[in-house]
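Coordinate-derived values only; no laboratory data. Small disclaimer: the values here were computed from a predicted structure and weren't measured. Cβ sites come from the backbone with ideal geometry, for glycine too, and all protein chains shown count toward neighbours.
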Amino acid sequence: MLRLWEHHEHVFDAVNVATALHRLAKRAHARERWGLARGPHVRGLCAEATGRMGEFNPQNVANTVWTLATLGVMDEELFWAAARQVTEGILDL
């Protein structure tokens with residue numbers, strides 16, 4: 001997954017970004033999570049997710065927040081973007 005991101009990040013859409021983050025967390029063994037969370041690829045995916053959060057559907061938001069918790073990623077900007085997306089979705093009801 002990280003190689004795909006590294007070589008094709010320019011064609012990733014919002015769903016691809018959310019899916020990539022989710023798959024990384026889902027497939028990573030506990031001993032790998034700390035290193036992944038601090039690596040440049042996950043940081044790049046998080047930055048991309050932050051910028052595209054307005055395009056995320058509720059499932060993408062949920063998967064992204066789950067990924068952050070699972071990997072132990074402390075990305076305050078991404079958390080706030082996810083919170084805004086959820087809040088805006090509720091207000092649109």
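Put one equal scatterer on each alpha carbon of the stretch 14-64, apply the Debye formula with no solvent term, and list log10 I(q)/I(0) at q = 0.19, 0.20, 0.23, 0.31 1/Å to two decimals. Each listed q corresponds, in turn, to -0.58, -0.64, -0.81, -1.20. Think of each Lys and Arg Cβ as +1 and each Asp and Glu Cβ as -1; about the Cα centre, that makes the dipole of the stretch 25-76 roughly 280 debye. For the stretch 8-93, the fraction of alpha-carbon pairs lying more than 15 Å apart is 53 percent, rounded to a whole number. One decimal place: the segment V86-A47 gains 12.2 nm when fully extended, by the rule 0.36 nm per residue minus the C-alpha distance.
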